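To start, the structure under review is shown below, and the notes come after it.
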C-alpha cells in the first residue's frame, strides 16, 4: 500500500498555493481554482477549495482528521521558512529524546507538525 494524497481545505486556493509553494520549496504538479497538488517524497499534499472557509488566528485543538507531519533537517530553519511563507507558529519547540517537534498553522487553521529527528 502506498500513501496517495493528503489534503487540507483552504478558503483561497491561489493564496494557499503560493504560501505552500514557498514553504515546501516546490511548484504544484497541478493547480486550478479549486485544487492544488504538490508531489513530495512519500506522497502528495493537496489543497482543496472551500469557499466559506475564512482565515482564522484561532488555534483550536485538532479533534478529527489528520495532521500532516514533515521531517526536517533543521527545525529552526523550517520555522523561519514557515513564518516567511505565511504560517504562524503555535507554541514553542518541544525537545524530546527522539527529536525536536514544532507546530505551525496556515491562515485557515490547518495544523502542520515539524519534526527534526534526534541524533
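Only a single item in (1) within 18 Å of residue 105 (Cβ to Cβ); (2) modelled with pLDDT of 95 or more; (3) more than 15 Å from the chain's Cα centre (by Cα) is not met by residue 19, and it is number (3). Looking only at residues of region 98-119 that are under 15 Å from residue 7 (Cα atoms) and under 8 Å from the mean Cα position of the chain (by Cα), we find that the one that is surrounded by the fewest Cβ atoms within 10 Å (Cβ to Cβ) is 113.
Checking every residue in region 44-65 against the condition of being assigned to a strand (DSSP E or B) and loosely packed, with under 15 Cβ neighbours inside 10 Å gives zero matches.
Scanning region 1-27 for residues that are in contact (Cβ under 8 Å) with a residue 60 or more places away in the chain, more than 17 Å from residue 52 (Cβ to Cβ) and either outside any helix (DSSP H, G or I) or touching a helix residue (DSSP H, G or I) at 6+ places or on another chain (Cβ under 7 Å) (or both) yields 6, 19, 22, 23. Quick check on residue 72: is it crowded, with 18+ Cβ neighbours inside 10 Å, touching a strand residue (DSSP E or B) at 6+ places or on another chain (Cβ under 8 Å) and touching a residue at least 12 places away in the same chain (Cβ under 8 Å)? When the stated conditions are applied, residue 72 passes them. Restricting attention to region 77-119 and to residues that are assigned to a helix (DSSP H, G or I), touching a residue at least 24 places away in the same chain (Cβ under 8 Å) and touching a strand residue (DSSP E or B) at 6+ places or on another chain (Cβ under 8 Å), the residue that is farthest from residue 61 (Cα to Cα) turns out to be 78.
The values are calculated or read from the model by the stated rules, or taken from the named source; none is laboratory data. Fair warning: this is a prediction, and the values are worked out from it, not measured in the lab. So basically every Cβ, Gly included, is an ideal-geometry build from the backbone, and we count neighbours across all protein chains shown.
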